[in-house]
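The values are calculated or read from the model by the stated rules, or taken from the named source; none is laboratory data. Remember, predicted model here, so these are calculated numbers, not experimental data. All Cβ positions, even for glycine, are placed from backbone atoms using ideal geometry, and neighbour counts span all protein chains on display. Surface areas here come from the heavy atoms of the whole protein model, side chains and all, with no ligands, DNA or RNA. Shrake-Rupley method; radii C 1.70, N 1.55, O 1.52, S 1.80 Å.
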Amino acid sequence: MTGLVELRDGRGRLVLAPEKGAAIARFEALVDGAPVPLLRPGDGTGTSGCQVMVPWSNRISGGGFEFNGRFHAVEPNVPGEAFPIHGDGFQREWRLAGCTATEAELLLDDGAIGPYRYTARIAYALNDGALDATLTVENRAGMRLPYGLGFHPWFRRRAGTMLEARATRVWLEDERHLPTGVAPVANHPGWDFSRASVLPRSWVNNAFDGWDHHAAIIQPEDRMTISLLASPSLDVFILYSPSPDSGFFCFEPVSHAVNAHHGEGLTPLEHGATMSASIRLDWTSISSH
């Protein structure tokens, strides 16, 4: 694939795909000079790397949404999906605005889906092997609209992969992957990751809130723990874990729950106003002793 951008420092390597939605294609730890994938490697699309979600995360039902007394239509944007999902930032070509050996800034000048017209930028930086990513959106629609942001990393799933992420509530979903209500995580002990736990064998595709913005992915086969820190604006995480043999799972820090256009959690922005969100991915080696 052409147009890739590589960042590297002594402990990490990051490969970006500006033409594929400003996605991360690869993020690797360098352990004694040898690469260890921290995300599921690929071309940054489909089931690999990490996509950015702008100007909202996840699904919108009902053919669109009403805001300030006006209905705004939004058409489905992904083949096979009944509802528009994840905005359009991940489907567009971004441009490289600046780059050093360890930092890159990518810009989207013409985001447009449904009523949304916006610009966006994302800054990526490596610092001693850790990745910092900050995503910012500016409303250019000429009217007040509700916005949301998120990150969609794909992690490798092995037999021993464990997740630690403290949350108090989980949103239940129906067969359309739309929320039906919330329940205490304590009512669903198989989804309680307050202590590091192996991922469930059954399907999970749920939003969790009451989150402390920290998570850890433990990969015993790599003797590595990946830590994730999300900014305060990312109050929800979505865990997508289809099955043990899928080879992946997604842990998505987002600013709002699924279908928030018909509920709450989005951030209304006036024309010209901005919102930002950021994550940090870091790693440590697990001692073999």
Condition set touching a Leu at 6+ places or on another chain (Cβ under 8 Å) and small (Gly, Ala, Ser), scope the stretch 134-164, selection farthest from Ile24 (Cα to Cα): answer is Gly148
Among (1) in contact with a helix residue (DSSP H, G or I) (Cβ under 7 Å, 6 or more places away or on another chain); (2) at pLDDT 95 or above, Arg158 falls short only on (2)
Considering every residue within the stretch 49-69, establish whether at least one is of a type in the set (Phe, Trp, Tyr), under 15 Å from the mean Cα position of the chain (by Cα), under 23 Å from Met275 (Cα atoms) and open to solvent by 10 Å² or more (accessible area, probe 1.4 Å). no
Quick check: anything in the stretch 248-264 in contact (Cβ under 8 Å) with a residue 40 or more places away in the chain, of a type in the set (Ser, Thr, Tyr), open to solvent by 50 Å² or more (accessible area, probe 1.4 Å) and under 30 Å from Phe71 (Cα atoms)? no
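Residues checked against (1) closer than 19 Å to Glu252 by Cβ; (2) open to solvent by less than 70 Å² (accessible area, probe 1.4 Å); (3) of a type in the set (A, V, I, L, M, F, W, C):
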site	(1), (2), (3)
Ala159	no, no, yes
Glu173	yes, yes, no
Asn187	no, no, no
Gly210	yes, yes, no
Which pairs turn up if I take residues in the stretch 191-205 that are open to solvent by less than 40 Å² (accessible area, probe 1.4 Å) and look for partners that are assigned to a strand (DSSP E or B) and polar (S, T, N, Q) with beta carbon separation below 6 Å, at least 6 apart in sequence or on another chain? Leu199/Ser241; Val204/Ser241
